[in-house]
Structure formats: C-alpha cells, structure tokens
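Student: I'd like to ask you about the structure that follows.
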Amino acid sequence: MRLLEKAAQYLPSDMVVNVKPHPNCPVQPADYPGLRMSVTMEPVSKLLAKCDVAYTSCVTSAAVDVYCAGVPVVSLLDPNSLNLSPLRGCETVIFASTENELASALISAASHPRAPGDRKNFFVLDPELPRWRQLLSEQFHTH
C-alpha cells in the first residue's frame, strides 16, 4: 500500500483506486493520506466488472482470478525476495517494484483491452490426473 501511495503522485488525477483488503488485514484510508481511495469488501467477482486494471500483492491467489477474468494485472514485486506470485511467467502480467514502475504499469495496463488469461496453466481438470501420475511415477522410479 505504501508503494501505491507513493505512485499516486504520478497517476492521472481522475484515476479511482478501490482497495479490497484481505479480511485479516484491514486497510484504513486515513493511514494513506497521499492516496485517494475507497475500501470495499465486495466479492472479487463483482469488482472485476468495475475495474480497468488490478494491482495485487505478490503472493495472492486473487491475482489468478483477476488474470483468468481478463482484467490486466499489475503485481507487486519485492526486489529483496523471490517472486512467489502465482502469475510468475505469465507474459501479460506486469511486475513493479518501484513507485515509477508501478505508476507506469498501472497507466499502461489500464489502456489494454481485456483478454482472458490462459486458464489451462492454472486449472487442470482432467479426472485422470496425468500430471500427478507422471510426477509420482518419476519420484518413485528415481529413488
């Protein structure tokens, strides 16, 4: 949130920031006086219809929901730790670690058309479980 607050000075004045915090991590707008924002607890599914871009933390699975819905995603990247994002490696996802990178990414992503992400990279619904079978087979045959 602090990075977003710092990036706000570079964002268009008409850009609206809606924050959906994790239920266990409440966010108070008064704690971020440099950021014009509102806090909502609406379901992600409802928020997706109202946004042009989503800014996510680096380890949230909500980023996958947003990505699969086709909303452009900008994700926080901590330069001092491993990228644990479930969207690591997805070409259309933008990672930002500085206020300038974040502002630029949000402005750029907001102008991109919606395009559903490649769901098959996340949701393999084959009841035969071929990937699990292959992984287990490899593990038992190599030890």
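Student: Please state which of the following conditions Phe95 fails to meet, knowing it meets all the rest: (1) in a strand (DSSP E or B); (2) farther than 26 Å from Phe123 by Cβ; (3) hydrophobic (A, V, I, L, M, F, W, C).
Tutor: The one condition Phe95 does not meet is (2).
Each row is one residue, and each column tells you yes or no for (1) loosely packed, with under 14 Cβ neighbours inside 10 Å; (2) touching a residue at least 40 places away in the same chain (Cβ under 8 Å); (3) within 21 Å of Ser111 (Cα to Cα).
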residue: Leu48; (1), (2), (3): no, no, yes
residue: Ala54; (1), (2), (3): no, no, yes
residue: Thr60; (1), (2), (3): no, no, no
residue: Val66; (1), (2), (3): no, no, yes
residue: Val71; (1), (2), (3): no, yes, yes
residue: Val74; (1), (2), (3): no, no, yes
residue: Asn80; (1), (2), (3): yes, no, no
residue: Leu87; (1), (2), (3): no, no, yes
residue: Val93; (1), (2), (3): no, no, yes
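Student: Among the residues of the range 12-64, how many are of a type outside the set (D, E, K, R) and closer than 19 Å to Leu87 by Cβ?
Tutor: 18
Student: For Pro12, state whether it is within 17 Å of the chain's Cα centre (by Cα), outside any helix (DSSP H, G or I) and closer than 24 Å to Val93 by Cβ.
Tutor: When the stated conditions are applied, Pro12 does not pass them.
Student: How many residues does the range 95-111 contain that are acidic (Asp, Glu) and without any contact (Cβ under 8 Å) to a residue 60 or more places away in the chain?
Tutor: Looking only at that region, the number is 1.
Student: Within the range 112-125, which residues are surrounded by 10 or more Cβ atoms within 10 Å (Cβ to Cβ), without any contact (Cβ under 8 Å) to a residue 40 or more places away in the chain and not aliphatic (A, V, I, L, M)?
Tutor: Asp118, Asn121
Student: Given the conditions (1) among the small types (Gly, Ala, Ser); (2) modelled with pLDDT of 90 or more; (3) not in a helix (DSSP H, G or I), and given that Gly117 satisfies all but one, which numbered condition is not satisfied?
Tutor: Of everything listed in (1) among the small types (Gly, Ala, Ser); (2) modelled with pLDDT of 90 or more; (3) not in a helix (DSSP H, G or I), Gly117 misses just condition (2).
Student: Does Asp65 satisfy the condition of being closer than 20 Å to Gly117 by Cα and assigned to a helix (DSSP H, G or I)?
Tutor: Spelling it out, Asp65 is indeed closer than 20 Å to Gly117 by Cα and assigned to a helix (DSSP H, G or I).
Student: In the list Leu3, Leu35, Leu87, Leu82, which residue meets the criterion of being within 18 Å of Ala103 (Cα to Cα) and not in a helix (DSSP H, G or I)?
Tutor: Leu35
The values are calculated or read from the model by the stated rules, or taken from the named source; none is laboratory data. These numbers come from a predicted model, not from an experiment. Backbone-built Cβ (ideal geometry, glycine too); neighbour counts: all protein chains shown.
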